[in-house]
Amino acid sequence: MTRQLITLIVNGDRYQVPVAPHETLLDVIRDQVALTGTKRGCTSGACGVCTVQGEDGRAVLSCLALAIEWDNRPVTTIEGVAGEDELHPVQKAFLEYGAVQCGACTPGLIMTAKALLDENPDPDEEAINEALAGALCRCTGHIKVKIAVREAIKAMVADAAAEDSHGV
Amino acid sequence: MASRKADLAVVGRDQPRLDGAHKLTGRSLFTDDVVLPGMLHAKIVRSPHARARILSIDTSAALALPGVKAVITHADAPKLYVGIEQPLFRQEIVNYIGDEVAAVAALDEATAAEAAALIKVEYEPLPALFTIQDATRPDAFLIHAKAKGNIAWQQAQDLGDVEQGFAGSAHVRTDTYTTNASHNCYAEFHVAIADWSLPDKLSMYTPTQTAILFQKSLAGALRLSDGQVRIMNLNTGGGFTGRTSVRPHHDVAAVLSRKTGRPVKVRATADEEFIACRAGGEVKYTFRTGVSDTGQIKAFEADITFDTGAYVESQMIVLTLTSSYIHSLYKIEASRYSGRLVHTNNIPYYFHHGGGLAQMAFGLGQHMDALARELGMDPIDFHLQNGVTKGHTSMTGTFFGSCGLAECIRKTAKQAGWKRKYGKLPPLKGIGIGVGAMASGAKGVFKHDTSAAFIKIVDDGSMSLFVGLPDMGQSSHTAMAMIAAEVLGAQATDITVISGDTDIVPLDVGALIQRGTFNTGNAVKAAALDARKQLEVLAAARLGVKPSQLVFRDRQVYPKGQPDKAIPLKKIVYDTLHSREGRFVMGRGFYNSPKESGTMAYSFGAQIAEVTIDPDTGFVTVDRIVASHDVGRAINPRIVEGQIDGQVFSGLSQVLYEQTLLENGQVMNPSRLDYRLPRSYEMPKVEHIIVESIDPFGPFGAKEVGEGPIVCTLPAVANAVANALGEPVNEMPITPWKILQILGRRAKARAGS
Ligand code: FES
Ligand code: FES
């Protein structure tokens, strides 16, 4: 099978990878870039565990994206979410409010929530519901997940306000 | 003596899970993330027929495909059985759509899939049996010659004088219920990586709730000794009672690895998850209860028939569980049980979340509710009158050393506003209660059901706790660290929990039937006490007091009442080792319930659900759940809430949504788009009330919360629907279609009158 060399930009790092036309972004991120935080579930767009962020910050189901179309386009995966020595506010809230159980769905949920908040820092209930609808979680019943998302929003709004008042 | 809350420094406080940051940053390893050198990928060839004779298998084209390393069929593993009656590959007759016929290992998954498609199997289709009714007809053919009448297994039990109990009853009520086939929908799919490249050691990575049962059953099937099998369970992406025994794919990976001399990975595809791994089959229940005119239960009878599908493996446990359930909930003096597993040509039955009990509770809870209504009694009063209490010993020999059932019922009713609402809601709005009990610390897998633990403390004060109990998400490892930290005066974050490798960790029967916190928790407590004893020698001498007067708390050691004299725990550890004796601190402990079999304790609960029915769509919205659970002691309260949430979700999902649709043995909805679970926006508000009855035998009084809440959710929601509709729906799931049929029938009757 002919493979084409592409440059994948994952969490700011550039990787030259040979990809076959049928290979998905998920396959390449996991098998070639060797970042396995992005989980493989149904591989058919039905569960959300493979969610990453594309260049515009939008949530992308990496199991449905063909890798070959991602030449030179930046991708953010779960490994690129936390700061150097601090978790992202969404991750912090998930930890503190008990929204992680088995963890198999967790990377997908974090990416989904982060994508939502990057686009809309103060989403209403309906927007949260819509964003999370495609991310399945069998363990938590989604209850603490929603609490964590709301708490993360509060924390991020408070952080932004604090930064503003410092005049930076 | 049970400790008071104020005496506890760690237990009873919210502790974020210790592996949380790893899971949140993508650093947690699951089996699917593991790549071993030279690893091959396997695919399984499955029967497309529900029952057929295999005429020929031609593997030549598959073997000729470049990249294919091995193909195996029955000839490669003629004596290999999964469980008791399922040969790894069929030789002659296939028994369900999905039955294993062959498997192939290749350099990559795509090649393996291509090769699997090249294996030509010729079949002669045969008639098949798809329902309990058909399979139990006197003239039905036998699916397995040994199972006469297609009854794979049966169990009957008579306790007390049942006839007299019914004869002396003022009212007797009989109801029948059905629950349908279902699936667990784990976030992590079924997967195994076997490395059997050296003949005397098989290593297997796989998610499991019980590494030891996997080890024993693989060793037995493959003719190895237990020590020659090493199970590595990394993170397990959900258990739900379904990951408690070896499945065909585990053996397939092992046999292919043996044959190729390379590690082999098998991972279920999205549809294989549904086709090869059913988590519950059709079950038919008949309940008959006799009561006095004041509502006292006099006699109870249950008759339960399970469609166990093509094979039984360890499903017979469900008969034992359901046979004694009633005695853990109500005080009953006469009961009869008859249960059976019936073979059909459907997918083999395994466990769905709630282990057969939650599904039974769907009917049982509705039956008791209906009985109370018939007597003109409030169901709350009925449960309070008949429910077990502390100090009671049941007919099955269980002693209830703690029992918060009545407290749960009262608190839930109060918070939900039951008295204000029950019987007073407008049409199509309903309220219902579900009560339940669940074993904590059950015994019966082996003669012992031991859990063991080691702890080592190194000279910087950091500790490693070794346990065999897996963490499938229930946060058991964090709870174990908290228990050890409490005993040693440390913080949970000082402790690294080491688990998931049978070559390293001590024995543990595993995380099943709600036994982890109770059994492993007691073992961890014993190990920590053992380590503490070793530290007390030096601490007592330094502080000039007896060891019994020492307090270990907040990383300090001091004489009782004199925190100003505290010596840092770290220093005590350091000096214990760095002495002429060089004493290295290592604690060990184990726990095996002193009972012959059965359970040391039960957790209890009550939930009240409120629902609204949409008359146009038949859709049931659950508006609110108030959940009250007696967990003995909440080791980690927020995590306890999370356990309740997850089970409320799973319970209401089972009652209202979930069904594996089978047509002539074929799964019609083998995808997560078509097999519906509630989405996040469909979840109600869940209010938690944690009741702490402080069990005399549990670690710090703890019992369990891992599986108890779900047995309350199913009846609570079902009863709320019955309350809203004015009549019960006796078949699960209660789909919008069933409700529309009822509403339509009524509309017709009205129009006709
Ligand atoms: S893996 Fe399920 S949506 Fe991508
Ligand atoms: S935490 Fe297990 S599926 Fe979401």
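The values are calculated or read from the model by the stated rules, or taken from the named source; none is laboratory data. Keep in mind that this is a model prediction, so the values were computed, not measured. Here Cβ is always computed from backbone atoms with ideal geometry, including for glycine, and neighbour counts include all displayed protein chains. Each accessible area value is taken on the protein alone, full model and side chains, heavy atoms only, with ligands, DNA and RNA left out. Shrake-Rupley method; radii C 1.70, N 1.55, O 1.52, S 1.80 Å.
Side notes on the structure shown:
- Dipole size of the range A:89-165 about its Cα centre, with +1 on Lys/Arg Cβ and -1 on Asp/Glu Cβ: approximately 540 debye, rounded to the nearest 20.
- Part-to-part distance (alpha-carbon centres) for the range B:546-587 and the range B:234-259, which is given in Å: 44
- Inter-chain Cβ neighbour average for residues A:124-132, partner chain, 10 Å: 2
- Each helix, a run of at least 4 DSSP H residues, gives -39500 (n - 2.57); summed and divided by the residues of the protein assembly as shown, these come to -9000 deg cm²/dmol at 222 nm.
- Residues with amide H under 5 Å from that of B:D108, placed H, sequence gap 5 or more: B:H41
- Label-to-label distance, B:V34 versus A:A162, with points set 7 angstrom from Cα along the beta-carbon direction: 4.2 nm.
- With the convex hull of the Cα atoms taken as the outline of the range B:75-174, the averaged projected area works out to 11.7 nm².
- Approximate spin-label separation B:R746-B:T617, in nm, with each point projected 7 Å along Cα-to-Cβ: 1.9
- Put simply, chains B and A cover up around 3700 Å² of each other's accessible surface, both sides summed, when a 1.4 Å probe is used.
- Burial of accessible area (probe 1.4 Å, heavy atoms of protein chains only) in the range A:97-117, relative to its chain alone, reaches at least 30 Å² for A:V100, A:Q101, A:C102, A:A104.
- Counting only protein heavy atoms and a probe of 1.4 Å, the accessible surface of the range A:89-165 is 52% carbon and sulfur.
- Under 5 Å from the amide H of A:L66 lie the amide H atoms of A:L25, each residue being 5 or more positions distant or on a separate chain, with H modelled from the backbone and absent for Pro and chain starts.
- Centre separation in Å (Cα based) which lies between the range A:122-151 and the range B:351-375: 31
- Under 11 Å, Cβ to Cβ, from B:Q133 - net charge with Lys/Arg +1 and Asp/Glu -1: -1
- Principal axes of chain A: Cα extent on each, largest first, Å: 54, 40, 27
- The Cβ shell under 15 Å around B:Q155 holds other residues with a net charge of -1, Lys and Arg each +1, Asp and Glu each -1.
- Working note: Karplus 6.51/-1.76/1.60 with θ = phi - 60° gives the range B:157-167 the couplings 7, 10, 10, x, 8, 5, 4, 5, x, 5, 4 Hz, where Gly and Pro are set to x.
- Toward the positive end of the charge dipole of chain B, with +1 on the Cβ of Lys and Arg and -1 on the Cβ of Asp and Glu, the farthest Cα among B:P678, B:T617, B:A540 is that of B:A540.
- Accessible area of the range A:4-80 belonging to carbon and sulfur atoms, whole % at 1.4 Å probe: 47
- Three-way shape label, the protein assembly as shown, alpha-carbon gyration tensor, a/c 1.5: rounded
- Unit charges on C-beta of K, R, D, E only; dipole of chain B, Debye: 1500
- Per-residue ³J(HN,Hα) for the range B:135-144, Karplus 6.51 cos²θ - 1.76 cosθ + 1.60, θ = phi - 60°, Hz, x for Gly and Pro: 5, 9, 4, x, 9, 5, 6, 9, 6, 10
- Of all lysines in the structure, the ones whose alpha carbon falls short of 27 Å from that of B:K570, not counting any fewer than 8 places away in one chain, are B:K5, B:K456, B:K525, B:K533, B:K546, B:K560.
- Residue order by solvent-accessible surface for B:W418, B:W737 is B:W737, B:W418, largest first, with ligands and nucleic acids left out and a 1.4 Å probe.
- Peptide ranges B:76-86, B:251-261, B:346-356, B:446-456 listed from the most packed, as the mean C-beta count within 10 angstrom indicates: B:346-356, B:251-261, B:446-456, B:76-86
- The heavy atoms of B:E731 offer some 70 square angstrom of accessible surface to a 1.4 angstrom probe.
- Taking max minus min of the alpha-carbon positions on each principal axis, the range A:89-165 gives extents of 41, 23, 17 Å, largest first.
- Longest to shortest principal axis, alpha-carbon extents of the range A:4-80, angstrom: 29, 24, 21
- Net +/- balance of residues flanking B:Q741 in space, Cβ distance below 12 Å, scoring K and R +1, D and E -1: +2
- Rolling a 1.4 angstrom probe over chain B with all protein chains present gives an accessible area of which 53% lies on carbon and sulfur atoms.
- Inter-chain Cβ neighbour count for A:35-48, averaged per residue, equals 6 (cutoff 10 Å, partner chain atoms only).
- Kirkwood-type radius of the range B:621-753, with distances r between different C-alpha atoms, in Å: 17.0
- Those residues of the range B:607-640 for which accessible area with every protein chain present is at least 20 Å² below the isolated value (1.4 Å probe): B:R638
- Amide H partners (placed H, <5 Å) of B:Y123, local residues excluded: B:L55
- Chain A, accessible area per residue, ligands and nucleic acids excluded (1.4 Å, Å²): 43
- Ranked by how many other beta carbons lie within 10 Å on average, peptides B:424-437, B:674-687 from highest: B:424-437, B:674-687
- Volume per residue of the C-alpha convex hull in chain B, rounded to whole Å³: 175
- Computed with a 1.4 Å probe over protein heavy atoms only, the accessible surface of the range B:444-512 comes to 27 Å² per residue.
- Projected label distance in nm at B:T176 and B:E124, using a 7 Å step from Cα toward the beta-carbon: 3.7
- Computed from phi, the 3J(HN,Hα) profile of the range B:16-22 under the Karplus parametrisation 6.51, -1.76, 1.60 (θ = phi - 60°) reads x, 4, 5, 9, x, 4, 4 Hz, with x in place of Gly and Pro.
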